[in-house]
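Here is the structure we will look at, set down as structure tokens.
None of the figures in this text is laboratory data; all of them are computed from the coordinates on show. Nothing here was measured: the structure is a model prediction, and the numbers come from that model. Because the Cβ atoms are built from the backbone with ideal geometry, glycine has one as well, and the counts that use them run over all protein chains shown.
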Amino acid sequence: YVLDRDDSSVTRSLDYLLALADLAGLRVVYQRMQGEDVDDAAWPDDMFPVPMVALEVAKGDENGHTDATSRRVAGGEYGEEEAIGYRDAKQVPFRERIELYSTLELVGDATGKRVVDVACGTGWLTKALKYRARASYVLGTDLSAEMIALAKKEDATIEYIIEDIVETAGDEFDIVTSNWLLVNAQTKAQLRAMCGGLAKKTKHGGRLITVVTNPALYSYGDTIFMKRYGFEFAYPEVVEEGAAILIRCYTPTGEFAVEVENYYHSRQDYTEALNEAGFSEVTFHQPKLSPNPSGVDDSEYWGSFFKCPLFLAITATMKSR
């Protein structure tokens, strides 16, 4: 790859090209800079060194995975670095303007309500449920001790606990949120187990609001169409139950933050699993864009996102047990 000294645009940077190679399922087997074994005094003044890279197809494990970190993250096994990266990735405008706006629109006014945020991560949504939805009591739960530790540092006035939703003893909340939880189920059995845990948290007549990766995204094919919003993708070869999509998340300044694997389930899979757990009125919602705080209409900027939205929201109501 030849990079001009006067052209440092991101689309031609070495880091970007290596990221594309990674998304394509390639790994670096050799890398060096031309002339690195030559004394500076001997290097011609009118030449610049060229990075040279050798790549090969990465060999996945028995499930086709090629990245151990993304598999750990999908399973809730965040190290401190991944937890911080996950927190930083929440700062891109998409999170506030679309994900949080869409979620809170569905939650509505939670005054006088008990709310639990399952798979709360570092407490990004949890805090909004307390301060913006005005819930009377909010609990955040997550499988990751690192996530919970960061959440407590962010706001010590909110109660957070480490908990696996599949093994929850249950409690009865008026509203249960669980953004990005169900996408970690690799099989229908795991999906049913997660939905069963959410049911234990929800009182009779209580509501569930959750967010899942848009099933249509798994076959979209364009790896970088959401880069401007903070995401890149590596798609599965075959879209079927449990097929993995690799999502690389970036900070507002374009720096890599964290990568995660989400697993494919159809709308029907989600509906059936929630119905089996005791939920009714399962409804899918398209994401919405909040008005621009500056008052300027920037809907055109978000056009690519809405061609194939990253997520769908799901609402459901708990029937009597």
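Rounded to a whole number of µm²/s, how large is the Stokes-Einstein D of region 187-290 at 25 °C and 0.890 mPa s, given Rh as the Kirkwood radius over C-alpha pairs? Intermediate results must be reported in sequence, preceding the final value.
Values: Rh = 15.4 Å.
Approximately 159 µm²/s, per Stokes-Einstein.
Counting GluC sites (Glu not before Pro) as exposed when in a DSSP loop with at most 16 other beta carbons within 10 Å, what is the longest stretch of the chain free of them?
On the way: sites that count: 36, 62, 77, 172, 237, 240, 241, 255, 300.
The answer is 78-171.
How much of the DSSP beta bridge set in the chain is antiparallel, as a percent to the nearest 5?
Numbers: 30 of 46 bridges.
So the antiparallel bridges in the chain amount to around 65 percent.
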* Asked: What span do the alpha-carbon atoms of the chain cover on each of the three principal axes, reported in whole Å from largest to smallest?
  -> 79, 48, 36
* Hey, can you grab everything whose amide H is under 5 Å from the amide H of residue 140? Only 5+ residues off in sequence or another chain; H modelled, so Pro and N-termini drop out. => 117, 159, 160, 161
* Structure fact -> Here the net charge surrounding residue 281, from other residues whose Cβ is less than 10 Å away from its Cβ (Lys, Arg +1; Asp, Glu -1), is +2
* Computed magnitude of the charge dipole of region 168-216 (debye, nearest 20; Cβ of K, R +1, Cβ of D, E -1) -> 160 debye
* Asked: From the Cα gyration tensor of region 92-185, with a ≥ b ≥ c the square roots of its eigenvalues, which class applies: rounded if a/c is under 1.5, or else prolate if a/b is larger than b/c, or else oblate?
  -> rounded
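Quick check: from the Cα gyration tensor, does region 251-306 come out rounded (a/c under 1.5), prolate or oblate?
Working: a/c = 3.18, a/b = 1.64, b/c = 1.93.
Oblate shape, in that a/c is at least 1.5 and b/c is the bigger or equal ratio.
Which value, in debye to the nearest 20, gives the size of the charge dipole of the chain about its Cα centre, when Lys and Arg are +1 and Asp and Glu are -1 at the Cβ? Numbers along the way, then the final one.
Details: 33 positive and 51 negative charges, 389 e Å.
In total the dipole reaches around 1860 debye.
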* Quick one: helix 188-201 against the long Cα principal axis of the chain, what's the angle to the nearest 10°, folded into 0 to 90? -> 50 degrees
* Folded to 0 to 90 degrees: helix 14-23 orientation relative to the chain principal axis, Cα -> 50 degrees
* **Degrees, to the nearest 10: 80-89 long Cα axis against longest axis of the chain** => 80 degrees
* Taking Cα centroids, how far is region 141-158 from region 231-284 in Å? -> 23 Å
